[in-house]
Amino acid sequence: MAHVDLKDPDLYVGGMPYAELAALRAEGSVRWNPESDGAGFWAVLGFDDIVAVSRQADLFSSAHENGGHRIFNENEVGLTGAGESAIGIPFISRDPPTHTQYRKFVMPALSPARLDGIEARIAERVERLFAEVPLNEAIDILPLLTVPLPLLTLAELLGVPAETWHDLHRWTDAFVGEDDPDFRQSPEAMQAVLGEFMGFSAALFDERRANPGDDIASLLANTEIHGEPVPLGDFIGNLILALVGGNETTRNSINHSMIAFANNPDQWDRVRADPGLLPNAVKEMVRYASPVIHMRRTATRDTELAGQAIRKGDKVVVFYPSGNRDERIFADPDRFDVTRPIRQHLAFGAGTHVCVGSRLAEMQLRLAFATMARHVRRFEIAGEPSRVRSNFINGFKRLDVRLVT
């Protein structure tokens, strides 16, 4: 399996290469992956080793100055891989204690009390969107349901007008789509997108500084780190983090789950018969989907992982879809089972950087499929889905489905 290059975005265009990942895990849960344009990296494929890396921020750093949280070196090519120096450092690219301080500022906006109030509005939003979805005919579900749902929720959490979701969609696709020609059509087009987003972000920053509220944008704009106000650049970086983290993961978990239910109609029958299964089922949906492919760390000192000698400065890249199909943790891991007891999965990360919005993502999945359980008898996939060319996001550009009543 030495020929498998886990960095190559073409490896993922036809679907997640689960068979190849399983074969690689069988050879060893930590393996060296050469790079044609770099020094190479350690690919971490086993569940326990991914958790070990994620829980040791002092040893495995995600700090910007060490390269950041992506396979490419963020400190050399920028957060979005577009070389934009005006974008600062998001807190996903910070180590504790700075990372921890940011989380303390953001968490109130995602607390159980805050989400309890938003659940009814998300449920209404799902019903409103679903009412416009044509049934019993092949339609691209992305623009009708799976794209607007999380973006409308984000617009509410940011305190911006609902119609802003169209712009948020274009911007976030461009931010994560560095390897997809549909999302990065040219350097000039990317600079135009960045210009739009910079203008939006600067205006939002000034407004929330002058008139702060309890929305996430206000919390990010008025954060003080080590006693100093957050600069505009870092606000922009954190806004990108909020948009990508809150949009791409939820959207693609819903998309993948529709495919999983189409391929496993008995599982959808179980949900329809007992919607009370959904709180557990959404954990299986997210495990099975694994919408984020990788996160990168950099070793801060010499160490050992799964018998491999890791040197200070080595890139260490964890692959969540592989860990979520680790047969040592999950029995029959390629089986989609809404009743599977799940203690922990890796789709939201683990350790210091575990996703702060995981509860919100699960809520949106639960409410979306609860609504569909009342109306949809089965899912049918109509044609080959169009997938994002990416080694970072396990996502779709088009998904034609038929919702059969």
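Report, by residue number, each residue of segment 145-172 that is assigned to a helix (DSSP H, G or I) and without any contact (Cβ under 8 Å) to a residue 60 or more places away in the chain.
Of the residues in segment 145-172, the ones assigned to a helix (DSSP H, G or I) are 145-146, 148-158, 162-172.
Of everything in segment 145-172, those that are assigned to a helix (DSSP H, G or I) and without any contact (Cβ under 8 Å) to a residue 60 or more places away in the chain turn out to be 148, 152, 155, 156, 162, 163, 164, 165, 166, 167, 170.
Which of the following residues is open to solvent by 40 Å² or more (accessible area, probe 1.4 Å), under 20 Å from residue 253 (Cβ atoms) and not acidic (Asp, Glu): 152, 110, 157, 144?
Checking each option against the conditions leaves just 144.
Return yes or no: is residue 382 in contact with a helix residue (DSSP H, G or I) (Cβ under 9 Å, 6 or more places away or on another chain) and in contact (Cβ under 8 Å) with a residue 60 or more places away in the chain? Steps first, answer last, please.
On the way: in contact with a helix residue (DSSP H, G or I) (Cβ under 9 Å, 6 or more places away or on another chain): no; in contact (Cβ under 8 Å) with a residue 60 or more places away in the chain: yes.
Considered against the rule, which asks whether it is in contact with a helix residue (DSSP H, G or I) (Cβ under 9 Å, 6 or more places away or on another chain) and in contact (Cβ under 8 Å) with a residue 60 or more places away in the chain, residue 382 comes out as no.
Which of the residues spanning segment 29-62 are within 19 Å of the chain's Cα centre (by Cα) and closer than 27 Å to residue 191 by Cα?
Correct list: 62 only.
Quick check, is residue 336 touching a Leu at 6+ places or on another chain (Cβ under 7 Å), over 27 Å from residue 70 (Cα atoms) and not hydroxyl-bearing (Ser, Thr, Tyr)? Outline the logic, then answer.
Working: touching a Leu at 6+ places or on another chain (Cβ under 7 Å): no; over 27 Å from residue 70 (Cα atoms): yes; not hydroxyl-bearing (Ser, Thr, Tyr): yes.
Considered against the rule, which asks whether it is touching a Leu at 6+ places or on another chain (Cβ under 7 Å), over 27 Å from residue 70 (Cα atoms) and not hydroxyl-bearing (Ser, Thr, Tyr), residue 336 comes out as no.
What helices (runs of 4 or more DSSP H), lying completely within segment 1-103, carry at least 3 residues that are surrounded by fewer than 21 Cβ atoms within 10 Å (Cβ to Cβ) and not charged (D, E, K, R)?
On the way: elements: 18-27, 47-54, 74-77.
The qualifying helices (runs of 4 or more DSSP H) are 18-27.
State which residue pairs qualify: first residue over 17 Å from residue 390 (Cα atoms) and assigned to a helix (DSSP H, G or I) and inside segment 180-204, second residue of a type in the set (Gly, Ala, Ser) and modelled with pLDDT of 90 or more in any location, beta carbons under 6 Å apart, and separation of 6 or more residues or different chains.
From segment 180-204, the pairs are 204/217.
Out of 207, 196, which single residue is of a type outside the set (Lys, Arg), open to solvent by 30 Å² or more (accessible area, probe 1.4 Å), under 20 Å from residue 167 (Cα atoms) and modelled with pLDDT of 95 or more? Can you show your working first?
Numbers: 196 fails: modelled with pLDDT of 95 or more.
None of the other options fit; the residue is 207.
Taking into account only those residues within segment 223-239 that are open to solvent by 10 Å² or more (accessible area, probe 1.4 Å) and in a loop (DSSP other than H, G, I, E, B), which is nearest to residue 99 (Cα to Cα)? It would help to see each step written out before you state the result.
Initial filter on segment 223-239 (open to solvent by 10 Å² or more (accessible area, probe 1.4 Å)): 224-229, 231-234.
Filter again for in a loop (DSSP other than H, G, I, E, B), leaving 226-227, 231.
Numbers: 226: 11, 227: 14, 231: 15 Å.
Filtering segment 223-239 for residues that are open to solvent by 10 Å² or more (accessible area, probe 1.4 Å) and in a loop (DSSP other than H, G, I, E, B), the one nearest to residue 99 (Cα to Cα) comes out as 226.
Output the number of the condition that residue 128 fails; it satisfies all remaining conditions of (1) in a loop (DSSP other than H, G, I, E, B); (2) open to solvent by 60 Å² or more (accessible area, probe 1.4 Å).
Only one criterion is unmet by residue 128, namely (1).
Considering only strands (runs of 3 or more DSSP E) fully contained in segment 296-405, which possess at least 3 residues that are within 25 Å of residue 138 (Cβ to Cβ) and open to solvent by less than 40 Å² (accessible area, probe 1.4 Å)? Lay out the reasoning, then the answer.
Details: elements: 303-305, 308-310, 315-319, 378-381, 396-398, 400-404.
Filter on segment 296-405 gives 400-404.
Going through 277, 220 one at a time, which residue ends up being aliphatic (A, V, I, L, M), part of a helix (DSSP H, G or I), within 26 Å of residue 347 (Cβ to Cβ) and modelled with pLDDT under 95?
Numbers: 277 fails: modelled with pLDDT under 95.
One residue alone meets the criteria, 220.
The values are calculated or read from the model by the stated rules, or taken from the named source; none is laboratory data. Bear in mind the structure is a predicted one, so any value in this text is a computation, not a measurement. Cβ atoms come from the backbone with ideal geometry, glycine included; neighbour counts cover every protein chain shown. Keep in mind that these areas ignore ligands, DNA and RNA; they rest on the heavy atoms of the full protein, side chains included. Shrake-Rupley method; radii C 1.70, N 1.55, O 1.52, S 1.80 Å.
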